[in-house]
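Enquirer: Got a structure here, written out as structure tokens. Questions coming.
The values are calculated or read from the model by the stated rules, or taken from the named source; none is laboratory data. Computed from a prediction, not measured in an experiment: that's the story for all the values here. Heads up, the Cβs are rebuilt from the backbone with ideal geometry, glycines too, and the neighbour counts pull from every protein chain shown.
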Amino acid sequence: MSKPSFAIVGGTTLLGKELREVFEALPKAVDVRLIGAEKGEIAGLTAEGDEPVVVSPLDDTSLMGATVVFLAGGSKSSERVWEMLAMRKKRPFVVDLSGVLARVPKAQLRAPLVEAPGFEVISDSVQVIAHPASVALAILLRKLGDGPRVGAVSAHVFVPASDQGSAGIDELHHQTVNLLGFQNMPKAVFDDQVAFNVLPSWGADAAAGSLSAVEDTIRKELPRMLPNQSLPPVSVRCIQPGVFHCISISLHLQFAKPFAGESLAEALRGDLVDLWSMDQGVPSHLSAVGETGIVVGDIRPDASAANAFWMWIVADNLRLRAASAIAAARIWLS
């Protein structure tokens, strides 16, 4: 088999850059080409730090010969690429990091970090990467599969601006600068003030959509990611804080039987979980940057409910998406 070629549509987006970082960390060099995210986007050499980056235009020609195509440029470019590729008799393996192609017939939800051995890959279907909050929760809940039954799960998910790509980052940045300068704030992405604020919902005209839709996605994805585990319905509330990167989750677990805090911590320890002791303090966003997995700490009994615990989880939302996408491609190629 010839050397596989990987095409990243949206190669200069936040997710595109994260994919490239994960590729660069692999032991062997790989053939990666970068493609613009939008039709008509100016291609050519793009300055990125001290290195020139070649970006091809988004068209049929730029996708020719790719073994795997990663969709990292947002909803419009993902839909356009699928329109170009869906009718081909022989098409590349398509991995969608935007999540927009979940509605496509036979679309397959992927979360390789928590998939059971022997997971069956539908190679002719678009592979949709699960939301990073879903992956973070699944990593933790999978660890509890052999312990006492979990009777109730509630999660407050704090979603960073980077979940909306560069547009979300830029809007939060400009809101912060303009607020300090007593100027009008841009609100195209969130349709509300995110800077120095915490929101339970976005504005009605937010380009980002709605936080309730994110909640629905997480609720629907979790049982599909852990099909062999008996889980109660998971209560999810998404919140928009004024932070740039990394998801944080305040998680409440109630068990059907008594479960000691020491036993809970021991059950969580291990692969993909960086468990912090009380001596280490409380994990922050800085603890999770660049980590493929989750950081867990501040585990404490709920004084108001029997057999229940609170805990704090942080995860790098961009790294979870990128690592999951590349793992999905490598599984298919193996």
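Enquirer: Which of the residues spanning region 252-265 are out of contact with any Leu (no Cβ under 7 Å at 6 or more places or on another chain) and either under 26 Å from Ala161 (Cα atoms) or not in a loop (DSSP other than H, G, I, E, B) (or both)?
Expert: The answer is His252, Leu253, Gln254, Phe255, Gly261, Glu262, Ser263, Leu264.
Enquirer: When region 172-208 is examined, which residues are found to be in a helix (DSSP H, G or I) and under 17 Å from Leu318 (Cβ atoms)?
Expert: Leu172, His173
Enquirer: Are any of the residues in region 98-106 closer than 23 Å to Pro4 by Cα, surrounded by 15 or more Cβ atoms within 10 Å (Cβ to Cβ) and not basic (Lys, Arg)?
Expert: yes
Enquirer: Can you name the residue in region 270-285 that is of a type outside the set (A, V, I, L, M) and over 22 Å from the mean Cα position of the chain (by Cα) and is also nearest to Leu137 (Cα to Cα) among such residues?
Expert: Trp276
Enquirer: Can you tell which of Val94, Val121 is within 20 Å of Leu19 (Cβ to Cβ) and without any contact (Cβ under 8 Å) to a residue 40 or more places away in the chain?
Expert: Among Val94, Val121, only Val94 is within 20 Å of Leu19 (Cβ to Cβ) and without any contact (Cβ under 8 Å) to a residue 40 or more places away in the chain.
Enquirer: Could you say which residue among Arg224, Arg219 is outside any loop (DSSP other than H, G, I, E, B), touching a Leu at 6+ places or on another chain (Cβ under 8 Å) and surrounded by fewer than 18 Cβ atoms within 10 Å (Cβ to Cβ)?
Expert: Being outside any loop (DSSP other than H, G, I, E, B), touching a Leu at 6+ places or on another chain (Cβ under 8 Å) and surrounded by fewer than 18 Cβ atoms within 10 Å (Cβ to Cβ) holds for just one of Arg224, Arg219, which is Arg224.
Enquirer: Among the numbered criteria (1) touching a strand residue (DSSP E or B) at 6+ places or on another chain (Cβ under 7 Å); (2) farther than 21 Å from His252 by Cβ, which single criterion is violated by Leu286?
Expert: (1) is the only condition that Leu286 fails.
Enquirer: Only one of Glu21, Glu51, Glu79 is under 29 Å from Cys246 (Cα atoms), among the acidic types (Asp, Glu) and modelled with pLDDT under 85. Can you tell me which?
Expert: Glu51
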